[in-house]
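To start, the structure under review is shown below, and the notes come after it.
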Amino acid sequence: MRKIKDLFLNVITYVSSSFGCLVLIILLLFVFKNGIRLLDWSLITSDYHQKTYQVNITDTKNYHLGDYSDPQLDGVYYSSVWGIGLQDDIDRNNEKIVTIRYLAPLSPFATIAKLEVGYQISKMTMADEMGNNLLALAKNGAEPMVADLDEAKIITDIIATSGGGGIRGSLLTTLYLIVLTLVIALPLGICAAIYLHEFAKQNQFTHIIRTMIDITTGIPSIIFGLVGAIVFIPMMNKTIQSSGGSIASGALTLTIILLPTIIKTTEESLKAIPNSYRMASLALGASKSQTTFKVILPNAVFGILTATLLSIGRIIGESAALIYAVGTAIKDSVAINEKSTSLAVHIWSLMGGENPNYELSCAISIIILLIVGLVSLGVKLISRTINKTEVK
Amino acid sequence: METIFTISDLNLRYDQNQVLHSIDLNIYKNKITAFIGPSGCGKSTLLRCFNRMNDLIDNCYIDGNIEFANKNLNEINPIELRTKVGMVFQTPNPFPMSIFENVAYGPKCQGIRNKATLNRIVIDSLKKASLYEEVKDRLHESALGLSGGQQQRLCIARCLAMSPEVILMDEPTSALDPIATLKIEELISTLKKDFSIIIVTHNMQQAARISDYTAFFLLGEIIEYGKTVDIFKNPKNKKTEDYITGRFG
């Protein structure tokens, strides 16, 4: 009877733990399956906004047509009349596009229109020998576009785009936010924790402060976002000439959000330091601050690292508070006193429009997961080396 | 005989709980004074009065007078006092740093930066604590890798590095095995030449072996104080006799 009971209880624990794992694995699989197509180096390095070029090729004296040799590329439709190879493609916004895959060196597209390989052509208006207008659209594909090109003698209008859909700006914003926030929040939080745990008398006053810190940990971040909008945005507008949200006001808002966590984690690590270290140091005639900074703090490094990791995770993941404080406009050029979006808010913006872009969102999610993973790996390595040097 | 500490009418309480009752005591210079008595009788508390470690306890109230070298203890800056009155604790508590850094910690806190001076102090202190020969090849390795007895001698060396006048020892061997204990006891006997030592101990044989003077505490009062030989050979008080013969305590 007892065996059956034990078995039953064991099975329950197995099932619940595997359920938890399963959910995580499914989530990761979902994100990776949907996002992996877009994941490449150019996603990180390129701008979000496309550059648009409007050009024409009408000056017949300056170019000649025909006898451009075909490089025979797979899946590329080639116009030997114009010396251009086009391919069907899908861009990061999940729309059908036509990409230039090959340009002959003397092709008018290169010499006159100054387009380059990798640019996308969204629309061309052409005229044939008889003066009939031909209109080729990217959504119809590369094949009819090349067929029209072969007929055409002049191109009255080309609308081409390059780049776009990248997350360079948002990634930079996120990095700026991490650095700026940690620079402000870590010293403040660590010093506050040291004061609370090492210097302050444990009385009603510190009790109230601790309770307040506990309460702030639970406040939804959107409320901090409001505080950021009401307090920090005007403050920054006055001091660093921003208009509306900015990375600076975002970092200040995040500082407020993170302080309780940093204080609590640091204080926990201070608590874990044996009191005998303090006693030994004081008994040797060290002052309280010498004791704190020479003995206590070096031993609390692991806790402080944990606090840093938690903070970085929180900064990367925070979206609600930043919608107000930093803004929702996806930017390519990033400055501390300007609006932009962090990666999380970038996802929010992508999903918020009329056509939610799941694929790019998932790709960004993968990048966020990678950053978090790398950070925690780094902290693990650092803490391991610290442990090695300390307890040998 | 020169006295280094003079205590008169000392009362100490934690909030409402009185721990020490009107203590009068003279501690003699360059002697080993042992405090014996059952647990909770206030001997460690009294020991912490000598270097004002009780100041660090919020609810501790002290009345009475303690003089250190004819100067009222309360008029001496506690930080300065603790450089002259060192302390060794019950459990070895080296800092999680290298052996060298452990010993150099005190002098560094006093602002000594010169490498050669620090080096000299560290080696001298380790030699005085008869630890140097055992650790000379690994001065820059972590102190936590030493054995318990070595750690305790390191703590003594750390204390000696401040060249104090008095060393307070709070049951320094209670966490150690008999061999390590013996080494520490030998060390204490040699240190007597240069330092005044006050040692709290639960080990009656230890008190008899190493100390010159012994004070017997019971419930926060000094029952008997005198030369160790007298206390152990012919105690005047019945309670002392009962305690040292093991009839209670």
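In table form, for the structure just shown:
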| read-out | value |
| --- | --- |
| Cα gyration tensor of chain B - equivalent ellipsoid semi-axes, whole Å, descending | 31, 21, 16 |
| Label-point separation in nm, B:ASP24 to A:ILE215, each point 7 Å along Cα→Cβ | 5.7 nm |
| Dimensionless Rg ratio for the range A:50-162, taking C-alpha atoms and the 2.2 N^0.38 Å reference | 0.96 |
| Quotient of Cα Rg and 2.2 N^0.38 Å for the range A:168-385, N being how many residues it contains | 1.14 |
| Between the range A:157-172 and the range B:1-64, the Cα center-to-center distance that results, in Å | 78 Å |
| Cα principal axis extents for the range A:1-73, largest first, Å | 98, 31, 17 |
| In degrees, nearest ten, helix A:358-390 long axis to first principal axis of chain A (Cα) | 40 degrees |
| Positive-pole candidate from A:SER287, A:GLY118, A:ILE44, dipole of the protein assembly as shown, charges at beta carbon | A:SER287 |
| Proximal lysines relative to A:LYS123, as straight alpha-carbon distance under 18 Å, when same-chain residues fewer than 8 apart are discounted | A:LYS51, A:LYS96, A:LYS114, A:LYS139, A:LYS153 |
| Cα centre as origin, Lys/Arg/Asp/Glu Cβ charges: chain A dipole, Debye | 2840 debye |
| Total charge dipole magnitude, the range B:179-249, about the Cα centre, Cβ charges on Lys, Arg, Asp, Glu only, Debye to nearest 20 | 120 debye |
| Length-normalised contact order of chain B in % [C-alpha pairs under 8 Å, at least 6 apart] | 27 percent |
| Computed E for B:LYS192/A:LEU188 - FRET, C-beta separation, R0 45 angstrom, nearest 0.05 | 0.30 |
| Gap separating the Cα centres of the range A:334-363 and the range B:139-191, nearest whole Å | 63 Å |
| A:PHE302/A:ILE112 FRET efficiency (R0 56 Å; Cβ-Cβ; nearest 0.05) | 0.30 |
| Distance (nanometres) between label positions extended 7 Å along Cα→Cβ at B:GLN110 and B:ASN237 | 3.7 nm |
| Cα-based equivalent ellipsoid, the range B:12-158: semi-axes from gyration tensor eigenvalues, Å | 32, 18, 14 |
| Low-density loop cleavage sites - trypsin sites (Lys or Arg not before Pro) in the range A:176-249, where at most 12 other Cβ are within 10 Å (DSSP) | A:LYS201 |
| Unit charges at the beta carbon, dipole of chain B: most positive-side option, B:ALA215, B:PHE100, B:LEU25 | B:PHE100 |
| Farthest toward positive dipole pole in the range A:50-162 [+1 Lys/Arg, -1 Asp/Glu at C-beta], among A:SER162, A:ASN62, A:TYR78 | A:SER162 |
| Cα gyration tensor shape of the range B:198-249, rounded if a/c is under 1.5, else prolate or oblate by comparing a/b with b/c | rounded |
| Extension gain (nm, one decimal) between A:GLU129 and A:GLN72, 0.36 nm per residue minus Cα-Cα | 17.8 nm |
| Simple label model, 7 Å out from Cα along Cβ direction - B:ALA175 to B:ILE76, nm | 2.6 nm |
| DSSP beta bridge pairing in the protein assembly as shown, given as percent antiparallel to the nearest 5 | 75 percent |
| Pairwise centroid distance, computed over Cα atoms, of the range B:205-219 with the range A:73-87, Å | 103 Å |
| Two-site FRET efficiency, B:ASP9 against A:ARG384, from Cβ-Cβ distance with R₀ of 41 Å, rounded to 0.05 | 0.10 |
| Assigned charges on the beta-carbon of Lys, Arg, Asp, Glu; chain B dipole about Cα centre (debye) | 600 debye |
| Extension reserve of the A:ILE223-A:SER42 stretch, reckoned as 0.36 nm per residue once the Cα distance is removed | 61.6 nm |
| Chain A, relative contact order in percent, only Cα pairs under 8 angstrom and at least six apart counted | 19 percent |
| Value at 222 nm in deg cm²/dmol, rounded to 500, when DSSP H runs of n ≥ 4 in chain B each add -39,500 (n - 2.57) | -10500 deg cm²/dmol |
| Rule-of-thumb Rg ratio for the protein assembly as shown [Cα; 2.2 N^0.38 Å; N residues] | 1.52 |
| GNM flexibility winner over chain A from A:ASP74, A:ASP59, A:ASP128 (Cα, springs under 10 Å) | A:ASP74 |
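Bear in mind that the values in this text are calculations on the coordinates, not laboratory data. Keep in mind it's a predicted model, so treat the numbers as computed, not measured. Reconstructed Cβ throughout: ideal geometry from the backbone, glycine too, with neighbour counts over all protein chains shown.
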